[in-house]
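The values are calculated or read from the model by the stated rules, or taken from the named source; none is laboratory data. For clarity, every value in this text was computed on a predicted model and none was experimentally measured. Positions of Cβ are generated from backbone atoms using ideal geometry, with glycine treated the same way; all protein chains shown enter the neighbour counts.
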Amino acid sequence: MTPFTLALRRLFERHPHANQTELARFVGVTPQAVQQWVAGATQPSPERIEKVAQFFGVRAADLLQRLANEEASAAERALKEALQAEGWTVEALRRLDATLPELFQEEGFCPDLKATQDGHTLYIEIKSRPLGQRGVAQYRRLLSLAQRAGNLIVAEPGEWRLAVAQAQRWLAAQQVLPDERYVRLALLDVEAGAGGGRVNAEHPDFVGEITLAREEAWALLGRRDLAALKLISVRGDSMMPTLHPRDLLFVDTRITTFKEDGLYVLLLEDALLVKRLQRLPGGRIAVKSDNPAYETFTLEPAHAARIIGQVIAALPLRFTLFA
């Protein structure tokens with residue numbers, strides 16, 4: 001449930017003489033639209049949120065911020081108790097200091113919670129999905145930071161139980177392999193659509209992680225530092241014949257800016273894509289698909305596209321059946 005939906009329900013509770021039809025007439029929408037807002041099915045534009053606030057005689061920004069803070073505090077308490085029940089030691093963090101990971105210090109970021117178990121440390125940030133273009137951009141930067149860090153979970157207040165399950169899966173993936181000659185490469189928490197692109201898939205990923213002999217991994221991937229490498233599975237056909245559906249991509253998540261022509265994973269208008277990027281005069285970037293059926297488009301220097309990482313290798317996954 002978003003902070004707006006919660007706020008709207010509370011406002012109707014506090015103003016029993018107000019009704020949805022009057023609110024719809026004041027805002028300039030249909031009663032059905034207000035019903036969807038109350039149900040949490042849709043959310044109005046920032047301009048209409050201002051009109052809703054005027055109808056009830058409150059300030060929209062103050063109301064939503066206060067409710068968001070209340071919801072986040074309640075979720076933090078519940079999440080802390082649930083993690084402790086699972087054997088975690090949990091500490092609330094309130095300020096940036098030198099004990100935090102270097103990446104967090106560079107970004108000026110202090111998460112809400114620090115959880116430790118069996119010598120492994122996980123950080124959790126409780127954050128509602130934002131309203132407005134600026135808030136969405138900040139939320140995307142937070143998700144990108146979580147992907148780069150590898151030990152940061154971003155949890156919505158209403159979905160803190162999912163964060164507990166995520167923490168348990170993360171802990172299981174951190175267990176040291178019996179033989180240190182091997183290295184485990186984990187799947188990134190997002191799926192790259194090499195076609196239209198999508199962040200949330202309706203079907204499970206084909207592979208969850210890969211374990212490789214460390215020296216072989218160094219030789220195959222051309223580098224010894226493997227900490228920032230994540231796996232992403234390909235969906236769609238826009239990068240064929242170079243990439244096929246279910247191919248596994250090895251993505252260097254430290255590279256979050258365009259450095260040279262090549263294959264990148266980028267977030268563009270809520271779609272996560274695998275595309276070939278090429279620098280053009282004037283600072284523009286051409287976004288290309290290897291499949292000629294898809295058109296090339298151009299990103300201007302100020303366009304809100306965010307690079308998640310650079311693709312450094314691909315592992316084809318195609319089976320030959322003999323029986």
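Quick notes on this one:
- The sole residue among 320, 257, 211 that is within 30 Å of residue 103 (Cβ to Cβ), part of a loop (DSSP other than H, G, I, E, B) and of a type in the set (Val, Ile, Thr) is 257.
- Counting only residues that are on the phi > 0 side of the Ramachandran plot and either touching a Gly at 6+ places or on another chain (Cβ under 7 Å) or modelled with pLDDT of 90 or more (or both), segment 3-54 holds 1 of them.
- Single unsatisfied condition, residue 82 versus (1) among the aliphatic types (A, V, I, L, M); (2) part of a strand (DSSP E or B); (3) surrounded by fewer than 19 Cβ atoms within 10 Å (Cβ to Cβ): (2)
- Scanning segment 134-164 for residues that are in contact (Cβ under 8 Å) with a residue 60 or more places away in the chain and either buried (at least 21 other Cβ atoms within 10 Å of the Cβ) or more than 14 Å from the chain's Cα centre (by Cα) (or both) turns up 147, 155, 157, 158, 160, 161, 163, 164.
- Residues located in segment 79-91, provided they are over 22 Å from the mean Cα position of the chain (by Cα) and either under 27 Å from residue 49 (Cα atoms) or of a type in the set (A, V, I, L, M) (or both): 82, 85, 90
- Restricting 263, 249, 243, 268 to those that are over 14 Å from residue 310 (Cα atoms), out of contact with any Pro (no Cβ under 9 Å at 6 or more places or on another chain) and surrounded by 16 or more Cβ atoms within 10 Å (Cβ to Cβ) reduces the list to 268.
- Residues of segment 271-284 that are buried (at least 22 other Cβ atoms within 10 Å of the Cβ) and hydrophobic (A, V, I, L, M, F, W, C): 272, 273, 274.
- Enumeration of residues in segment 281-302 that are modelled with pLDDT under 90, touching a strand residue (DSSP E or B) at 6+ places or on another chain (Cβ under 9 Å) and of a type in the set (A, V, I, L, M): 299
The rows are residues; the columns are (1) assigned to a loop (DSSP other than H, G, I, E, B); (2) at pLDDT 85 or above; (3) surrounded by fewer than 19 Cβ atoms within 10 Å (Cβ to Cβ).
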| site | (1), (2), (3) |
| --- | --- |
| 122 | no, yes, no |
| 172 | no, no, yes |
| 177 | yes, no, yes |
| 184 | no, no, yes |
| 195 | yes, no, no |
| 204 | yes, no, yes |
